[in-house]
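K.L.:
The structure that follows is given in the form of C-alpha cells.
The values are calculated or read from the model by the stated rules, or taken from the named source; none is laboratory data. Just so we're clear, the structure is a prediction, and the values are computed from it rather than from any experiment. Cβ placement follows ideal geometry from the backbone for every residue including glycine, while neighbour counts extend to all protein chains displayed. All accessible areas refer to the heavy atoms of the entire protein, side chains included, with ligands and DNA or RNA removed. Shrake-Rupley method; radii C 1.70, N 1.55, O 1.52, S 1.80 Å.
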Amino acid sequence: MKHDTTESHSRTVTFLVAALGVVLVLAFGVVMRLSQHDQVYRGVKITVSYRSNGGSGSGPATSTYFSEDPGKASKNTFTRRGYTFIGWSDTRNARTKYYNLTQPGDELEFNDATPGESFTYYAQWLKNGFSKGDTFAIRHGNTYYLYSSFHAGKADKVITYGKASDQVLVGDWNADGTDTLAVRRGNRVYATNSPSGGKATKVFTFGEPDDTVLSGDWEGFGRSSLAQRRGSTYEFTSELGGEIYQRSAFGKPTDQVYVGAWAPYDSDSLAMRRGNTYYVTDSKGTTTTISFGSSTDTVLTGDWNCKDGSDDFAIRRGNTYYIYDSLHGGKADRVITFGSPTDTVLVGHWF
C-alpha cells in the first residue's frame, strides 16, 4: 500500500503551527501578567515639581515618577536673602514645626495618586535669628513679649490679651503649627487663634473653678486641647470646648505634673515629679525615670532643639536656664541667661 506523504506532512505542519500559536498565546499572557504586576508594583505615572515660595534662583527640575516608586525629595537649590531653608511642604504656608517638613533625601509617598496627577512642593524658610523649636515669652500683666529665639534685648513681638488676673494656657488650638493663648477666669475659657492677641476666637466653660487645667496635644493630631486634674484623676478632651473622651488615674495627688511629647513624633502625655526625680511616661505607657537638679527648682518643658518632635526639660534658677536636649539626668546640655529673675515665663512655638 502506498502512503500519502504529502498529506502526512501537511498534518504535521498544521499541528506545529497550532502548537506554536498556543505557545505564543500563553507567552503573551505571561508577558501581560508580568507587565500588569509591574504596573501594580510601580503604581501610576505622576509629576513632582518644586517652587521657591519667596526664594530665587533655579530650583530642582520637574520630574516624572511612578507613584509607588517616586524616589527621594530633591536637594534645595533656591536661595532667599535673610532666610534659611528648613524643608519642603505640599502647602505654600505650612506654618509648621521643622520636624514635620519633608527634608531633601526623604522618601516620597504618593500611594493614592491618580494617573497623570501633579504634586508641588514649596520651599519653607525660617527667618535668620528665629528658632526652629519652642522659645520663651515674658508676661507682664496682660502684655506678652514673644521671643523668636533665646536672645537678649527687645522682644520680636508684643501683644496684649485678657486681664492681668487671668490664668494663662498655651497651645496650638487650630493645628496651624503656631502656639497662641487661652485665658481662664473661674471655669470660663477664652481662647484665641490669633498670634496678635485681640478678641477671643472661642469662649466656653470647662470643669470647676478650682480644677487644675492642663493643655496638650493628647491625640497627636497637632491640635492642642484641655485636660482637667482632680487629685490623681485626669479627664481629657480632644478639642477646645469638646466633650471629655478619656478619664485616667496617674500618680499621686501630691505629684507635680508636666506635659510633653516624650517620644519622637508622639502625642502629649504626662510626667510626674517627686523631689528631683521624674517619671516620664510616653503615650505607649513606657516610663523613663531620671534625676536632675534639686527639689526646689522651677522646671519648664518644651521642644528646645526641634530635631525629632520630642519635648524635654529645662531648669530655671532666677534668669539662668539649664536646657536639656534629651531625657537624661546629670549636667544640662546648655546654659543660657534670659530676661530677669522676676519674670513670668511661658513656653511656646510663637513664630
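K.L.:
Taking region 240-256 as the search range and keeping residues that are in a strand (DSSP E or B) and open to solvent by 70 Å² or more (accessible area, probe 1.4 Å), which one is farthest from residue 267 (Cα to Cα)?
P.N.:
Going through region 240-256, the residues in a strand (DSSP E or B) turn out to be 244-249, 256.
So of that shortlist, the ones also open to solvent by 70 Å² or more (accessible area, probe 1.4 Å) come out as 245-247, 249, 256.
Numbers: 245: 15, 246: 14, 247: 16, 249: 18, 256: 20 Å.
Filtering first and then ranking leaves 256.
K.L.:
Follow-up. Filter region 80-91 for residues that are touching a residue at least 40 places away in the same chain (Cβ under 8 Å) and either open to solvent by 40 Å² or more (accessible area, probe 1.4 Å) or of a type in the set (S, T, N, Q) (or both) and give the result.
P.N.:
To start, the set of residues in region 80-91 that are touching a residue at least 40 places away in the same chain (Cβ under 8 Å) comprises 80, 82-86.
Scanning region 80-91 gives 80, 83, 84, 85.
K.L.:
Can you name the condition, by its number, that residue 77 falls short on among (1) assigned to a loop (DSSP other than H, G, I, E, B); (2) touching a Pro at 6+ places or on another chain (Cβ under 7 Å); (3) open to solvent by less than 50 Å² (accessible area, probe 1.4 Å)?
P.N.:
(3)
K.L.:
Filter region 143-174 down to the residues that are of a type in the set (A, V, I, L, M) and open to solvent by 50 Å² or more (accessible area, probe 1.4 Å) and list them by number.
P.N.:
Within region 143-174, the first condition is being of a type in the set (A, V, I, L, M), and the residues that meet it are 146, 152, 155, 158-159, 164, 168-170.
Scanning region 143-174 gives 152, 158, 164.
K.L.:
Count, please, the residues in region 207-224 that happen to be surrounded by fewer than 19 Cβ atoms within 10 Å (Cβ to Cβ) and part of a loop (DSSP other than H, G, I, E, B).
P.N.:
Counting residues in region 207-224 that are surrounded by fewer than 19 Cβ atoms within 10 Å (Cβ to Cβ) and part of a loop (DSSP other than H, G, I, E, B) gives 9.
K.L.:
Of all residues in region 48-74, which are touching a residue at least 24 places away in the same chain (Cβ under 8 Å), farther than 8 Å from residue 123 by Cβ, assigned to a strand (DSSP E or B) and open to solvent by 70 Å² or more (accessible area, probe 1.4 Å)?
P.N.:
Passing the criteria: 69, 72.
K.L.:
Between a first residue in region 193-206 that is over 16 Å from residue 172 (Cα atoms) and open to solvent by 70 Å² or more (accessible area, probe 1.4 Å) and a second residue that is basic (Lys, Arg) and at pLDDT 95 or above, which pairs have beta carbons less than 7 Å apart while being 6 or more apart in sequence or on different chains?
P.N.:
205/188
K.L.:
Another question, if that's okay. How many residues does region 258-275 contain that are surrounded by 16 or more Cβ atoms within 10 Å (Cβ to Cβ) and over 19 Å from the mean Cα position of the chain (by Cα)? Break it down stepwise before answering.
P.N.:
First, pick out the residues of region 258-275 that are surrounded by 16 or more Cβ atoms within 10 Å (Cβ to Cβ): 258-263, 266-273.
Keeping just the survivors that are over 19 Å from the mean Cα position of the chain (by Cα) gives 258, 271-273.
Of the residues in that region, 4 qualify.
K.L.:
Taking the conditions exactly as written (modelled with pLDDT of 95 or more, over 16 Å from the mean Cα position of the chain (by Cα) and under 29 Å from residue 91 (Cβ atoms)), does residue 212 satisfy them or not? Before you say what the answer is, go through the steps one by one.
P.N.:
Values: modelled with pLDDT of 95 or more: yes; over 16 Å from the mean Cα position of the chain (by Cα): yes; under 29 Å from residue 91 (Cβ atoms): no.
For residue 212, the condition - modelled with pLDDT of 95 or more, over 16 Å from the mean Cα position of the chain (by Cα) and under 29 Å from residue 91 (Cβ atoms) - is not met.
K.L.:
How many of the residues making up region 276-310 are part of a loop (DSSP other than H, G, I, E, B) and open to solvent by 20 Å² or more (accessible area, probe 1.4 Å)? Walk me through it before giving the result.
P.N.:
Quick first cut of region 276-310, residues part of a loop (DSSP other than H, G, I, E, B) only: 276, 282-286, 292-297, 303-310.
With the extra rule that they be open to solvent by 20 Å² or more (accessible area, probe 1.4 Å), the set shrinks to 276, 282-286, 293-296, 305, 307-308.
Residues meeting the conditions: 13.
K.L.:
OK, next. When residue 317 is evaluated against the numbered criteria (1) open to solvent by 50 Å² or more (accessible area, probe 1.4 Å); (2) under 17 Å from residue 220 (Cα atoms), which criterion, by number, is the only one it fails?
P.N.:
Going through (1) open to solvent by 50 Å² or more (accessible area, probe 1.4 Å); (2) under 17 Å from residue 220 (Cα atoms) one by one, residue 317 breaks only (2).
K.L.:
Considering every residue within region 225-239, establish whether at least one is assigned to a loop (DSSP other than H, G, I, E, B) and closer than 18 Å to residue 167 by Cβ. Let's see the steps before the verdict.
P.N.:
If we filter region 225-239 for residues that are assigned to a loop (DSSP other than H, G, I, E, B), which is where we start, we get 231-232, 238-239.
From the residues that got through so far, the ones that are closer than 18 Å to residue 167 by Cβ too are none.
No, region 225-239 contains no residue that is assigned to a loop (DSSP other than H, G, I, E, B) and closer than 18 Å to residue 167 by Cβ.
K.L.:
In region 320-340, which residues are assigned to a loop (DSSP other than H, G, I, E, B), open to solvent by 20 Å² or more (accessible area, probe 1.4 Å) and of a type outside the set (A, V, I, L, M)?
P.N.:
325, 326, 328, 329, 330, 331, 333, 339, 340
K.L.:
Can you name the number of the only condition in (1) in contact (Cβ under 8 Å) with a residue 40 or more places away in the chain; (2) within 24 Å of residue 128 (Cα to Cα); (3) part of a loop (DSSP other than H, G, I, E, B) that residue 346 fails?
P.N.:
(3)
K.L.:
Need a quick list: strands (runs of 3 or more DSSP E) entirely within region 138-183 having at least 3 residues that are within 26 Å of residue 337 (Cα to Cα) and among the β-branched types (Val, Ile, Thr).
P.N.:
Values: elements: 143-146, 157-160, 167-171.
The strands (runs of 3 or more DSSP E) meeting that bar are 157-160.
K.L.:
Are any of the residues in region 253-266 charged (D, E, K, R), closer than 21 Å to residue 332 by Cα and at pLDDT 95 or above? Let's see the steps before the verdict.
P.N.:
Start the filter on region 253-266 by keeping residues that are charged (D, E, K, R), which leaves 255, 266.
In the following step, the residues that additionally are closer than 21 Å to residue 332 by Cα were identified as none.
Within region 253-266 (the criterion being charged (D, E, K, R), closer than 21 Å to residue 332 by Cα and at pLDDT 95 or above), the answer is no, since none of the residues qualifies.
K.L.:
Let me ask something else about it. Residue 123: surrounded by 20 or more Cβ atoms within 10 Å (Cβ to Cβ), touching a Gly at 6+ places or on another chain (Cβ under 7 Å), under 30 Å from residue 45 (Cα atoms) and at pLDDT 95 or above, yes or no? Even if it seems obvious, please write down each step before you answer.
P.N.:
Values: surrounded by 20 or more Cβ atoms within 10 Å (Cβ to Cβ): yes; touching a Gly at 6+ places or on another chain (Cβ under 7 Å): yes; under 30 Å from residue 45 (Cα atoms): yes; at pLDDT 95 or above: yes.
Yes; evaluated as a whole, the condition is true for this residue.
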